[in-house]
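Inspection log for the structure reproduced underneath, given as structure tokens.
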Amino acid sequence: MGIQRIESVIYSVDDLDACVRFFTDLGLAPVGKDDERAVFETLIGQTLHLRTGGATEGLPASVEASNNTIREVVWGAGAEEELAGFVAALGADREVTRDAEGVWHTVDETGFGVGLTVAGPAANEPATPREQNVTGQVRRWNQALSSVGAVRPLRMCHVALNIPKAGREEAVAFYVDRLGFIPTDIVKPMGVFMRVPGDADQHNFLLCHRPDKASVNHVSFEVPGFDDVIEGGNHMIEQGWQEARRLGRHTVGSNVFRFVHSPSGGRVELAADMDRVDDTYGPNVHETAPPHHIWTLRTSRDA
Ligand SMILES: [Fe+2]
């Protein structure tokens with residue numbers, strides 16, 4: 001079984017109210033809030049935590065100068081019986097502690113917090129992307145389209161962290177050797193894309209060593225389709241948030257993307273239609289970095 005999915009992402013933030021507004025606008029469901037913390041849920045029950053002030057005590061130290069950053073990513077294992085093995089591997093050379101809820105905590109080679117628990121139940125209801133019509137394959141009869149409405153992310157599908165170039169092999173080996181992450185695309189000048197055994201996404205995790213300092217890069221939220229990426233991004237812009245990258249489709253992973261700067265640090269990505277892979281895929285080793293995207297939106301107004 002192994003690691004199945006991202007279970008939780010924990011940010012520390014300076015402006016809790018702004019971050020609550022941001023993730024509410026992004027379409028996550030709020031499940032709790034007080035003066036120093038807020039918790040949101042994706043549709044499959046993963047949790048995103050925002051903490052400030054005293055609520056950050058006990059978290060691993062921030063890896064960057066800013067307080068607005070990811071302090072821990074909690075991964076969900078397939079079964080309780082697996083945890084002991086993972087905890088033993090994690091604890092070979094560092095402290096691993098267990099909290100009152102039974103979640104194990106340690107830090108990776110860079111200093112990012114790593115949590116480990118049992119994965120929550122899989123989603124009950126499948127996503128229902130819009131049917132598409134093309135001559136020869138008509139899927140949608142007598143049904144006009146309208147706005148997708150309020151976009152609700154299905155799940156956090158991947159996390160990307162920036163790590164220093166020095167020690168990058170050890171940083172990747174920590175996840176591969178101790179937690180069973182599977183490298184899918186190794187881009188030597190840029191970073192290593194990995195997935196967890198329980199998830200077929202081309203990547204669930206990226207350690208990006210382009211920058212020479214550690215920081216949060218982005219958290220990606222899967223939405224059902226192309227319309228949701230566009231409308232979800234439009235909604236964020238209408239709410240006053242800043243787009244970080246023009247609409248496009250990635251080369252590695254093939255997903256359609258929009259990026260928005262997050263007040264919690266780094267960016268968030270709305271993603272759809274990522275490649276799904278199995279154990280026969282990769283790892284693909286790239287001596288030079290493939291293009292970042294297959295396409296991005298162009299307009300004659302750019303000139
Ligand atoms: Fe991404």
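Could you list, in sequence order, the residues of region 209-224 that are among the hydrophobic types (A, V, I, L, M, F, W, C) and near the ligand (Cβ under 10 Å from one of its atoms)? Those that are among the hydrophobic types (A, V, I, L, M, F, W, C) and near the ligand (Cβ under 10 Å from one of its atoms): Val219, Phe221. Would you check if Ser62 is modelled with pLDDT of 95 or more, touching a strand residue (DSSP E or B) at 6+ places or on another chain (Cβ under 8 Å) and over 30 Å from His235 (Cα atoms)? Yes; evaluated as a whole, the condition is true for this residue. Looking across Val31, Val39, Val73, Val20, one residue alone is open to solvent by 10 Å² or more (accessible area, probe 1.4 Å) and under 16 Å from Gly265 (Cα atoms). It is Val20. Among the residues of region 58-73, just one is among the hydroxyl-bearing types (Ser, Thr, Tyr) and in contact with a Phe, Trp or Tyr (Cβ under 9 Å, 6 or more places away or on another chain), namely Thr69. Anything in region 251-280 that is under 14 Å from Asp227 (Cα atoms) and either free of Cβ contacts under 8 Å to residues at least 60 places away in the same chain or more than 9 Å from the ligand (Cβ to nearest atom) (or both)? List them, or say none. Correct list: Asn255, Val256, Phe257, Arg258, Leu270, Ala272, Asp273.
Can you tell me which residue in region 246-268 is farthest from Ile10 (Cα to Cα), limited to those that are in contact with a Phe, Trp or Tyr (Cβ under 7 Å, 6 or more places away or on another chain) and polar (S, T, N, Q)? The extreme case among them is Ser262. Looking at Asp212, Asp199, Asp185, just one residue is of a type in the set (Asp, Glu) and assigned to a strand (DSSP E or B), and that residue is Asp185. None of Val159, Val192 is closer than 27 Å to Met1 by Cα, among the hydrophobic types (A, V, I, L, M, F, W, C), open to solvent by 10 Å² or more (accessible area, probe 1.4 Å) and outside any loop (DSSP other than H, G, I, E, B) except Val192. Can you name the residue in region 1-49 that is in a strand (DSSP E or B) and acidic (Asp, Glu) and is also farthest from Gln242 (Cα to Cα) among such residues? My answer is Glu7. When the criteria are applied in full, Gly248 meets the requirement of being open to solvent by less than 50 Å² (accessible area, probe 1.4 Å), in contact with a strand residue (DSSP E or B) (Cβ under 6 Å, 6 or more places away or on another chain) and within 14 Å of the ligand (Cβ to nearest atom).
Look at region 105-130 and say how many of its residues are at pLDDT 95 or above, surrounded by fewer than 18 Cβ atoms within 10 Å (Cβ to Cβ) and farther than 15 Å from Ile10 by Cα. Of the residues in region 105-130, 1 are at pLDDT 95 or above, surrounded by fewer than 18 Cβ atoms within 10 Å (Cβ to Cβ) and farther than 15 Å from Ile10 by Cα. Here Val268, Val252, Val219 are screened, and the one residue that is assigned to a loop (DSSP other than H, G, I, E, B), at pLDDT 95 or above, among the hydrophobic types (A, V, I, L, M, F, W, C) and within 17 Å of the chain's Cα centre (by Cα) is Val252. Just one residue in the set Gly115, Gly111 is part of a loop (DSSP other than H, G, I, E, B) and touching a residue at least 12 places away in the same chain (Cβ under 8 Å); that residue is Gly111. For Ile237, the conditions (1) part of a loop (DSSP other than H, G, I, E, B); (2) open to solvent by 40 Å² or more (accessible area, probe 1.4 Å) all hold with the exception of (1).
Out of all the residues in region 188-204, is one or more out of contact with any His (no Cβ under 7 Å at 6 or more places or on another chain), within 12 Å of the ligand (Cβ to nearest atom) and modelled with pLDDT of 95 or more? Within region 188-204 (the criterion being out of contact with any His (no Cβ under 7 Å at 6 or more places or on another chain), within 12 Å of the ligand (Cβ to nearest atom) and modelled with pLDDT of 95 or more), the answer is yes, since at least one residue qualifies.
The values are calculated or read from the model by the stated rules, or taken from the named source; none is laboratory data. What you see is a predicted model; the values in this text were computed from it and never measured. Note that each Cβ is placed from the backbone with ideal geometry, even for glycine, and that neighbours are counted across all protein chains shown. With ligands, DNA and RNA removed, areas are computed over all heavy atoms of the protein, side chains included. Shrake-Rupley method; radii C 1.70, N 1.55, O 1.52, S 1.80 Å.
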